[in-house]
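First up is the structure itself, then whatever we jot down about it.
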Amino acid sequence: MADNGVAARRAAAGLLGQVLGEQQMLSEALGAPYIQKLSFEDRARAQRLATETLRSLERVDRILKPFMRKSPPLAVHNVLRIAAYELCTGGAAHGVVNDAVSSVGANKRTAQMKGLTNAVLRKVVEKGPEEWAKLRVPRLPKWLRGPLVQAYGAENIGDIERVHFAGAPLDLTAKGDASALATAVGGTVLPTGSVRIQDAVQVSALAGYAEGDWWVQDAAAALPVSILAPKAGEKIIDLCCAPGGKTMQIAASGAEVTAVDTSERRMQRVHENLERAKLKAELVVGDALETSGQYDAVLLDAPCSATGTIRRHPDLPMVKDGSEFGELIELQARMLAHAITLLKPGGRLVFCTCSLLPDEGECQIEDLLEMHPELQIDREALGVAGIDPSWITDEGGLRLRPDYWAEQGGMDGFYIALLRKPA
């Protein structure tokens, strides 16, 4: 690694401060002016350093702890964390240490800690890499690990944590032929039809980006629309649609799609994605609970804890604490009840959440079927290519976990169910 990355390293430490100090999601922190002022290369490097340091935070802090009598101010601690991560994973010692000392010295409030920074990191250079390899895979925080162990068992959660620690490859959904896209971008076609790229790449530089031949979408996130199986000419509404991957899938089928989201900013991103892919949809900025009309099919990707996306968003367990789960579960139930009213007789509803918590998946459908016995859950609809029958749950939904396809890079955690309204 070149040693001219002081701007990226300082920015990465700043991002850690926003996540760990202000409980701000990394995706939001990336919009800060000091990040936007960076060159494209430095911005990408800062994001990567912050993401991987957060992913490894348990190890990083264990490496640093023996060399500090007490925790330094957060700004200094985060500089040390970024540097320790780099030093333990192959970073050039001279450049990493010098940049860390320079960063601490550049801040009047921390300049007096330059000596400490240098001393701690010199010890990390000497002992860190060897100790790093001995440390356990970082664990989920107790507030989340406990319920997940109860749901899936400690061994399975250990497997999930290993996949989280390995990070996520890049998955693409092809507008046309997946095999041709895989050849063009140097990827492989997964059993469900998504194209996976294992190596880090610049997305906008991939073949077919400008032409709109594909869009970024985790393989698990592409399955709700595959299960919905939209048909040309159908009238379909996509509730809580941003960032728009599922909307584009539906539009590519030839169906007439109405996409709804509460955020004008997120909807602008949906618009841009549709334009690049040369696809059409009616975009509505508004509350999904206030929608009306009658549709052949409804896709409800309900707001949720997003605990299924941690392999791509390692900051999530550090920003959230589970306190909002009750409100989310209640909102999901209300949205499900409303979504049923939008179905034509004989219509179908796909409910999905990118959550690992059964309360946001299996339990929601069990409760819904108890309140609406006229609805039928369609197990046969889950029989799309690449689905392992063992992933189908007792109530007839589909449970996806990050440790599935672990050797190939895993997948997001998702719950998906398809329900039919009587004709």
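Quick note: the coordinates plus some simple rules give every number you see, no bench work behind them. In this text the structure is predicted, and so the values were computed from the model without any measurement. Quick reminder, even Gly has a Cβ in these numbers, built from the backbone with ideal geometry, and neighbours come from all protein chains shown.
Once phi is turned into ³J(HN,Hα) by the Karplus curve 6.51 cos²θ - 1.76 cosθ + 1.60 with θ = phi - 60°, what whole-Hz value does each residue of the stretch 362-372 show in order, with x for glycine and proline?
Along the stretch 362-372, the couplings run 3, 5, 4, 6, 4, 5, 5, 5, 5, 7, 10 Hz.
Quick one: check the C-alpha center-to-center distance for the stretch 311-381 versus the stretch 74-134, whole angstrom.
Centre-to-centre distance over Cα atoms comes out at 45 Å.
Relative contact order for the chain using alpha-carbon pairs under 8 Å, separation at least 6, rounded to a whole percent?
Contact order relative to length: 14 percent.
Which whole-number percentage describes the relative contact order of the stretch 377-423, with Cα contacts under 8 Å and a sequence gap of 6 or more? Mind dumping the intermediate values first?
Values: 58 pairs, mean separation 18.0, N = 47.
RCO, the stretch 377-423: 38 percent.
Taking just the alpha-carbon atoms of the chain, what radius of gyration and Dmax come out, in angstrom?
Here Rg and the maximum Cα pair distance are 23.0, 75 Å.
The stretch 132-219: D in µm²/s via Stokes-Einstein (Kirkwood Rh, Cα pairs, 4 °C, 1.567 mPa s)?
Details: Rh = 15.2 Å.
Reported coefficient: 85 µm²/s.
Just rank S103, S323, S56, S253, fewest to most, by other beta-carbon atoms within 10 angstrom.
By the 10 Å Cβ count, ascending, the order reads S323, S253, S56, S103.
Rank these for me by crowding, F351, F325, going from fewest to most other beta carbons within 10 Å.
Values: F351 25, F325 20.
Ordered from fewest to most neighbouring Cβ atoms within 10 Å, F351, F325 come out as F325, F351.
Once phi is turned into θ = phi - 60°, what whole-Hz ³J(HN,Hα) does the Karplus curve with 6.51, -1.76 and 1.60 give for every residue of the stretch 350-356, x standing for Gly and Pro?
Along the stretch 350-356, the couplings run 9, 10, 8, 9, 8, 10, 9 Hz.
Going out from 0 in 5 Å bins, what whole percent of all Cα-Cα distances in the stretch 295-376 drops into each bin?
Percent of Cα pairs in each bin: 3, 14, 25, 22, 16, 10, 6, 3, 1.
Among Y295, Y404, Y209, Y34, which comes first, second and so on when ranked by fewest other beta-carbon atoms within 10 Å?
Fewest-to-most Cβ neighbours within 10 Å comes out as Y34, Y209, Y404, Y295.
Roughly how far apart, in whole Å, are the Cα centres of the stretch 6-62 and the stretch 189-256?
A separation of 28 Å, based on Cα centres.
Would you report the distance distribution of C-alpha pairs in the stretch 6-132 as whole percents per 5 angstrom bin, up to the bin with the largest distance?
2, 12, 24, 25, 21, 11, 4, 0
At a threshold of 8 angstrom on Cα-Cα distance, excluding pairs fewer than six apart, so keeping six or more, what relative contact order does the stretch 204-279 reach in percent?
It rounds to 34 percent for the stretch 204-279.
Would you calculate a helix-derived [θ] at 222 nm for the chain, using -39,500 (n - 2.57) for each DSSP H run of n ≥ 4 and dividing by the full residue count, to the nearest 500?
Helix contribution divided over all residues of the chain: -13500 deg cm²/dmol.
Report ³J(HN,Hα) in whole Hz for each residue of the stretch 247-261, in order, from the Karplus equation J = 6.51 cos²θ - 1.76 cosθ + 1.60 where θ = phi - 60°; Gly and Pro get x.
Here the 3J(HN,Hα) series is 4, 5, 4, 5, 4, 5, 6, x, 6, 8, 10, 10, 10, 10, 8 Hz.
Can you give the Kirkwood hydrodynamic radius for the stretch 220-420, in Å, rounded to one decimal and based on Cα pairs?
So the Kirkwood estimate lands at 17.0 Å.
If you consider only alpha-carbon coordinates, what radius of gyration and Dmax does the stretch 374-423 have, in Å?
Cα only, the stretch 374-423: 12.5, 43 Å (Rg, Dmax).
Using the Cα centre as the reference, give the magnitude of the dipole from point charges on the C-beta atoms of the chain (Lys, Arg: +1; Asp, Glu: -1; all else neutral), rounded to the nearest 20 debye.
2020 debye
Just in the stretch 316-422: which GluC sites (Glu not before Pro) are loop by DSSP and have at most 15 other Cβ atoms within 10 Å?
Qualifying residues, ordered by number: E324, E374.
Please tell me which of these pairs span more than 26 angstrom C-alpha to C-alpha: K278/K421; K65/K320; K175/K231; K246/K421?
K278/K421
Have a look at S27, A92, V104 and report the one farthest towards the positive end of the charge dipole of the stretch 6-132, computed about the Cα centre with Cβ charges (Lys/Arg +1, Asp/Glu -1).
V104
Using only the Cα atoms of the stretch 150-287, what are the Rg and Dmax in Å?
In order Rg, Dmax, the Cα atoms of the stretch 150-287 give 16.3, 47 Å.
Can you classify the stretch 316-423 as rounded, prolate or oblate using the Cα gyration tensor, where a ≥ b ≥ c are the square roots of its eigenvalues, rounded means a/c under 1.5, and otherwise it's prolate if a/b beats b/c and oblate if not?
Numbers: a/c = 2.40, a/b = 1.21, b/c = 1.98.
Taking the square roots of the gyration eigenvalues as a ≥ b ≥ c, the stretch 316-423 is oblate.
Could you give the dipole magnitude of the stretch 241-371 about its Cα centre, charging the beta-carbon of Lys and Arg +1 and that of Asp and Glu -1, in debye to the nearest 20?
Charge dipole of the stretch 241-371: 740 debye, to the nearest 20.
Taking every pair of Cα atoms in the stretch 223-338, average 1/r, invert it to obtain the Kirkwood radius, and report Rg/Rh to two decimals. Present the calculation step by step, with values, prior to reporting the outcome.
On the way: Rg = 14.8 Å, Rh = 15.1 Å.
We get a ratio of 0.98 for the stretch 223-338.
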